[in-house]
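The structure under discussion appears below in the form of structure tokens.
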Amino acid sequence: MRAAVAAGLSVLLATAAAAQPAPPSGSPPTEVPPVAQQCVACHRGRGQGNPAAGFPRIAAQPEYYLAKQLRDYASGRRRHPVMESMARALSEQDITTLATFFSRQEAPATPAPRGPERGRVLAAMGDARRQVQGCANCHGPDGGGQPPAIPYLAGLDARYLASAIDAWKSGARRNDGGGQMLTVARALSAEDIAAVTAHYAGLKPPAPPPSGLVRLVRPRLSGGPAPMASQSAGAAIAGAEQGATSGGATHGRGASGPETRVPPEGGPAPVEAGEPSVVAAPSRPPTVGDPARGRAIVASGRYGCVACHSIPGIRGANGVVGPPLGRMAERGFIAGQLPNRRDVLAAFLLDPPALVPSTGMPDTGLSREEALHIAAYLYTLER
């Protein structure tokens, strides 16, 4: 089978390479790296995909997400006979090269008619009757994604999106560390899937995200400011996943990561090789929260956690406004952007919009101690 696939790809590659149009003036560099020649037969020269053949558009998807999918194919966590074979032959440098190249391409999408209103409602708000959260909670407004971890859906072919949801629904695809896609997909009817995929197919895809996008956080555990910046993806992602195993779009075990180091008075702490690129404002080190106290705070309903989230073990916590909180420790990112570590989660709970301006989670008025307790509790949750 592999010999037949390789022979067919060789013919297709020669044809595809000869047919690539010249890039428009001012567009991102489109010279295909040698290692990407094996990709263009299916995904085409700039990652614009081939919807008629079922090959998705990968241009402008976050480089972290693309690299993770290739690693999942190589490990068998995501299944596809051709992609698995190709991914296993790639080195880590090859994966980085491919993910970086395709993430920077701004390829046009195939126009699609506007989807039905049911699809828009599911995308924006979900369906409380079926315990389905809105797709926008994770994939962002208008399906634009949440780089670096969560892909965009806007402009992708409806047939490809439907086949992906069907794979989650059947259990054929399971490379989501938090298990959210499996839960959502199984609650959707065939009519719902058709409606929501048509909705996203009719939206304009986003521009490529900034290269090497990784969020830097200054946790507000001491009441200080919390600006964001970006830096090289390699060092920051390596730090965010220190000791983690690959798991899903939000993946890797984050609870065991080291706590935020406190810089010396008058300046930031140096970031050593392999350490998470998260720096705290000058203050005393944050204390470790108490999971039991955190559970009591959440269960009290005082801050509205149970109204928006599904929380294992909490009676009445069946909300679908925000994502389910089970298996929080297995996710590599918080809100698709922040390294999943206990101190960072506490800082996010303390003031979500300060760290992720696009989040729908409000500042609920938690105290510093309450945020630490709740963060400690969330890392104890199972599915």
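The values are calculated or read from the model by the stated rules, or taken from the named source; none is laboratory data. Please read all numbers here as calculations on a predicted model, not as lab measurements. With ideal geometry, Cβ positions are generated from the backbone for all residues, glycine too; neighbour counts draw on all protein chains shown. Heavy atoms of the whole protein, side chains included, go into the accessibility calculation; ligands, DNA and RNA do not. Shrake-Rupley method; radii C 1.70, N 1.55, O 1.52, S 1.80 Å.
What is the residue count in region 325-366 for residues that are assigned to a loop (DSSP other than H, G, I, E, B) and under 15 Å from the mean Cα position of the chain (by Cα)?
9
Residues checked against (1) β-branched (V, I, T); (2) free of Cβ contacts under 8 Å to residues at least 24 places away in the same chain; (3) more than 19 Å from P81 (Cα to Cα); (4) open to solvent by less than 20 Å² (accessible area, probe 1.4 Å):
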| site | (1), (2), (3), (4) |
| --- | --- |
| G143 | no, no, yes, yes |
| P148 | no, no, yes, yes |
| A158 | no, no, yes, no |
| I165 | yes, no, no, no |
| G171 | no, yes, no, yes |
| R174 | no, no, no, no |
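Please specify each residue of region 105-137 satisfying the condition of being assigned to a helix (DSSP H, G or I) and out of contact with any Ser or Thr (no Cβ under 8 Å at 6 or more places or on another chain).
Answer for region 105-137, where residues must be assigned to a helix (DSSP H, G or I) and out of contact with any Ser or Thr (no Cβ under 8 Å at 6 or more places or on another chain): E117, R118, R120, V121, L122, A123, A124, A128, R129, R130, A136, N137.
Return yes when E382 is buried (at least 17 other Cβ atoms within 10 Å of the Cβ), at pLDDT below 90, acidic (D, E) and within 23 Å of Q131 (Cβ to Cβ) and no when it is not.
no
What single numbered condition from (1) crowded, with 19+ Cβ neighbours inside 10 Å; (2) in a helix (DSSP H, G or I) fails to hold for A154?
Going through (1) crowded, with 19+ Cβ neighbours inside 10 Å; (2) in a helix (DSSP H, G or I) one by one, A154 breaks only (2).
Looking at region 85-104, which of the residues that are out of contact with any helix residue (DSSP H, G or I) (no Cβ under 8 Å at 6 or more places or on another chain) and assigned to a helix (DSSP H, G or I) is most open to solvent (accessible area, probe 1.4 Å)?
Looking at residues that are out of contact with any helix residue (DSSP H, G or I) (no Cβ under 8 Å at 6 or more places or on another chain) and assigned to a helix (DSSP H, G or I), I get Q93.
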